[in-house]
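The values are calculated or read from the model by the stated rules, or taken from the named source; none is laboratory data. Bear in mind that the values here come from a model prediction, so they are computed numbers and not experimental data. Note: ideal-geometry Cβ built from the backbone for every residue, glycine included; neighbour counts use all protein chains shown.
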Amino acid sequence: MTPLQLKIARRREHLILAEGLAIEIAMDLGSVDEAHRHRREMEALIAARDAALQVAEEEGASYFAAAGQIAGIHAEARRAVGGC
C-alpha cells in the first residue's frame with residue numbers, strides 16, 4: 001500500500017470504531033433509529049475497506065500482505081482508543 005493508501009486506511013479504521021461507539025451510545029440512549037443509522041455508516045466503511053483490499057490485489061499486491069497491513073492498522077486504532 002502506498003503512504004496515501006495507508007493514511008486513508010488508518011482514517012477508515014478509526015471511523016469504523018467511532019461508528020461502533022456511536023451505536024453503543026445511541027442504544028444506551030434508547031435511540032434505535034440513530035443506532036441503525038450508525039450501523040449503516042459502519043457497514044459502508046467496512047465495504048470501502050473490503051473494496052480497497054480488492055483494488056490493492058488488482059494492482060498486484062498480495063491480498064494477504066494487504067489484509068495483514070489492514071489488520072495491523074485496525075489493532076493500532078483499537079489501542080489508540082483504549083482497546084474498546
So the check is Cβ under 8 Å with 6+ separation or different chains; which pairs have a first residue in the range 56-77 that's in contact (Cβ under 8 Å) with a residue 60 or more places away in the chain and a second one that's in a loop (DSSP other than H, G, I, E, B)? ALA61/MET1; ALA66/MET1; GLN69/MET1
Among the residues of the range 1-16, what is the count of those that are in a helix (DSSP H, G or I), in contact (Cβ under 8 Å) with a residue 12 or more places away in the chain and either among the aliphatic types (A, V, I, L, M) or surrounded by fewer than 15 Cβ atoms within 10 Å (Cβ to Cβ) (or both)? 5
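Of GLU34, GLU19, which residue is in contact with a His (Cβ under 8 Å, 6 or more places away or on another chain) and acidic (Asp, Glu)? Break it down into steps so the answer makes sense when it comes.
Working: GLU34 fails: in contact with a His (Cβ under 8 Å, 6 or more places away or on another chain).
Selected residue: GLU19, the only one of GLU34, GLU19 that is in contact with a His (Cβ under 8 Å, 6 or more places away or on another chain) and acidic (Asp, Glu).
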Single condition GLY82 does not satisfy, out of (1) surrounded by fewer than 18 Cβ atoms within 10 Å (Cβ to Cβ); (2) modelled with pLDDT of 90 or more: (2)
Name the residue that is surrounded by the most Cβ atoms within 10 Å (Cβ to Cβ), counting only residues in the range 17-71 that are modelled with pLDDT under 95 and not in a helix (DSSP H, G or I). ALA61
Checking the structure you have, find out if any residue of the range 5-13 is more than 13 Å from ILE70 (Cα to Cα) and touching a helix residue (DSSP H, G or I) at 6+ places or on another chain (Cβ under 9 Å). no
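If you scan the range 25-51, which residues turn out to be more than 30 Å from PHE64 (Cβ to Cβ) and of a type in the set (A, V, I, L, M, F, W, C)? Outline the logic, then answer.
The first filter runs over the range 25-51 and keeps only residues more than 30 Å from PHE64 (Cβ to Cβ), leaving 25-38.
ILE25, ALA26, MET27, LEU29, VAL32, ALA35 - these are the residues of the range 25-51 that are more than 30 Å from PHE64 (Cβ to Cβ) and of a type in the set (A, V, I, L, M, F, W, C).
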